[in-house]
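Presented below is the structure to which this report refers.
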Amino acid sequence: MPVYLDNAATTPVCPQAAQAALEAMTGGWGNPSSGYAPGQGAAARLREDRAAVAKALGCTPQELYFTSCGTEGDNWAIRAALEHGKRKGRHIVTSAIEHAAVLEPLKTLEAQGYEVTRLKPDRTGHIDPAELEEALRPDTVLVSLMLVNNELGTLQPVAQAAEAIRRKGCPALLHTDAVQAFLKVPFTPAELGVDLLTVSGHKIGAPKGIGAQYIRQGLRVPPLLLGGGQENGLRPGTEPTAQIAAFAAAVRRWEPEWPERIASRKEYALKALSAVPGLEIISAGEAPHICAVSLPGYPSELLVRDLSDKGVYVSSGSACHKGKPSHVFAALGLPKRTLAGVLRVSFSPESTQADVDALAAGLKEITETRIAMR
Ligand code: PLP
């Protein structure tokens, strides 16, 4: 049986999600905007699904907008905040360890004259809230800070960022990329004090191609697309009812005790992996499902390939940065050999101790059969 320990990249579609998608595609295929029975049936189902995802996120259904993915949500949030603050300034605060879905649009905006402050993490992968507060200016219109880092599993000070914005009387909107946090760590948008929040379905057992965006009630943002009136006119396009049904089914099946279960697997893994000769723990992460380790002297790409040959799947960092050194690990200021040997290991509720044992045994075998590079 292959061992899959790259659940931060994506998760297998759970049976409940696949079944819900099938039902929506076969029985419930009507267009929710149609006034006749099949359309109204699809609309009713959509309302239930929106309510289920909103409840899990801790917001009202009116504050939840379905998108096609986390990348879309991140891009939309950035654009929305800049439009919202266009008369107040052109300064943006973010971190150097955000996902490419935030960093890449910001790079383009910088080329268009926006000023971007990228806060660096400390050696443990955390952004200092005091530094964030210091970076805020009267012309800061957006703070985008992820809730859980996708390569380190570290929790970032989003609630403190909200307090700092308030304390300083800064006009900035606060966006958080909660793609890795959703259902894994407890939060609600209101508790965090964010204006915009992004999640994605394929990290929690739904298929790829569905996400959701929280937009605080009362906040006026420009539409992402122009078209029919779906999603309150802000994200038009006939709703992907099968994807949404699958997303809601994945959310409904999630058990409240799963984060604790996942965390105990990670704890077991950190112990088992520590016994691999030369292995260093880079980040144990506060989020239950992600940790990062390194085997200095063994290039990550080679480790990933050798482990894959043994039927064990982990990643050398974010799946979106294949082949390139990860900007996240680079931002930690790790020594070169440590940086080159980094692996991300990430867990799901289905991960077992046997999975971890197979990973530890695979790594041990590699250290016994391969000669470390200098
Ligand atoms: N943000 C974070 C933190 C992620 O981990 C990912 C996916 O890896 C994304 C955004 C992008 O989400 P999606 O793959 O749904 O576009």
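Observations on the model:
- Qualifying residues in segment 1-15 (those that are of a type outside the set (Ser, Thr, Tyr) and outside any loop (DSSP other than H, G, I, E, B)) - the one farthest from Arg253 (Cα to Cα): Val3
- Residue match in segment 64-82 (condition: open to solvent by less than 20 Å² (accessible area, probe 1.4 Å), farther than 30 Å from Glu115 by Cβ and either more than 16 Å from the ligand (Cβ to nearest atom) or modelled with pLDDT of 95 or more (or both)): yes
- Looking at segment 279-369, the helices (runs of 4 or more DSSP H) lying wholly inside it that each contain 1 or more residues that are within 27 Å of Leu183 (Cβ to Cβ) and open to solvent by 10 Å² or more (accessible area, probe 1.4 Å) sit at 300-309, 327-331, 353-369.
- Residue in segment 17-37 that is surrounded by 16 or more Cβ atoms within 10 Å (Cβ to Cβ), closer than 26 Å to Arg265 by Cβ, modelled with pLDDT of 95 or more and not small (Gly, Ala, Ser) present: no
- Evaluated against (1) more than 13 Å from the ligand (Cβ to nearest atom); (2) open to solvent by 20 Å² or more (accessible area, probe 1.4 Å), Pro157 falls short on exactly one condition, (2).
- Condition met for Arg137 (in a loop (DSSP other than H, G, I, E, B), more than 29 Å from Val293 (Cα to Cα) and free of Cβ contacts under 8 Å to residues at least 24 places away in the same chain): no
- Answer residue from segment 83-108, given it is touching a residue at least 12 places away in the same chain (Cβ under 8 Å) and of a type in the set (Lys, Arg) and is surrounded by the most Cβ atoms within 10 Å (Cβ to Cβ) among those: Arg90
- In segment 83-111, the residue that is nearest to Gly153 (Cα to Cα) out of those that are within 12 Å of the ligand (Cβ to nearest atom) and of a type in the set (Asp, Glu) is Glu98.
- Odd one out for Thr188, checked against (1) within 16 Å of the ligand (Cβ to nearest atom); (2) among the polar types (S, T, N, Q); (3) out of contact with any strand residue (DSSP E or B) (no Cβ under 9 Å at 6 or more places or on another chain): (1)
The values are calculated or read from the model by the stated rules, or taken from the named source; none is laboratory data. Since the model is a prediction, treat every value here as computed from it, not as a measurement. All Cβ positions, even for glycine, are placed from backbone atoms using ideal geometry, and neighbour counts span all protein chains on display. To get the accessible areas, we keep the full protein, side chains included, count just its heavy atoms, and leave off ligands, DNA and RNA. Shrake-Rupley method; radii C 1.70, N 1.55, O 1.52, S 1.80 Å.
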